[in-house]
Amino acid sequence: MKKYAVETTVGIFLVFGLLCIGYMAVNLGHVSLLGDDAYSLFARFTSVSGLRVGSPVQMLGIGVGRVERLTMDQKDQKAVVEIRIRKGIKIYDDAIASIKTEGLIGDMYLSIGPGGSGKLLGPGETITETQPAVDLVDLVGKYAFGEVKKQ
């Protein structure tokens, strides 16, 4: 009888451990099993250098989504960013999407100024006002070689 009690206890701990690993994989992997609580928006940039799939999207300093996909529009020669925004977050048609850096040499993230013109962007619509990331290497190079003019 004691042999079966030990095996049962080990089995319960094993099942519990597997459930915990599965829960962490779903949460850390940003997988939605029971339905999607987000909608897609698009933004077109001249450069998305440093931005990656899974990068955070912030509005007013608060995380509201993540970068879903990076593609290129060959016709207009623009980088197209697909953004997943949580439902309930209102973004207007005059919003500004800009690529920013966390700290001096940190990871890139997408920052959205919410706008306020009155017309809300719906799923699948495009944020038209965008600002690419500031390239620090180019700025330092221009300063070092005297291309920056003092006023």
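We did not get these values from a lab; they are worked out from the coordinates using the rules stated. Keep in mind the model is a prediction, meaning the values are calculated, not measured. Counting neighbours? That spans all protein chains shown, and the Cβs are built from the backbone with ideal geometry, glycine included.
A few comments on the model shown:
- Cα-derived Rg to Rh of segment 35-151, Kirkwood definition: 1.03
- Most fluctuating residue given options Gly65, Gly22, Gly88, as computed from a GNM of the chain linking Cα atoms under 10 Å: Gly22
- DSSP beta bridges in the chain [antiparallel fraction, %, rounded to 5]: 80
- Kirkwood hydrodynamic radius of segment 1-96, Cα pairs, Å: 16.8
- Above-threshold pairs, the threshold being 29 Å between Cα atoms, out of Lys78/Lys142; Lys78/Lys100; Lys75/Lys142: Lys75/Lys142
- Working from Cα pairs under 8 Å separated by at least six residues, relative contact order for the chain is 23 percent.
- Packing around the peptides 99-105, 7-13, taken as the average count of other Cβ atoms within 10 Å per residue, puts them in this order, highest first: 99-105, 7-13.
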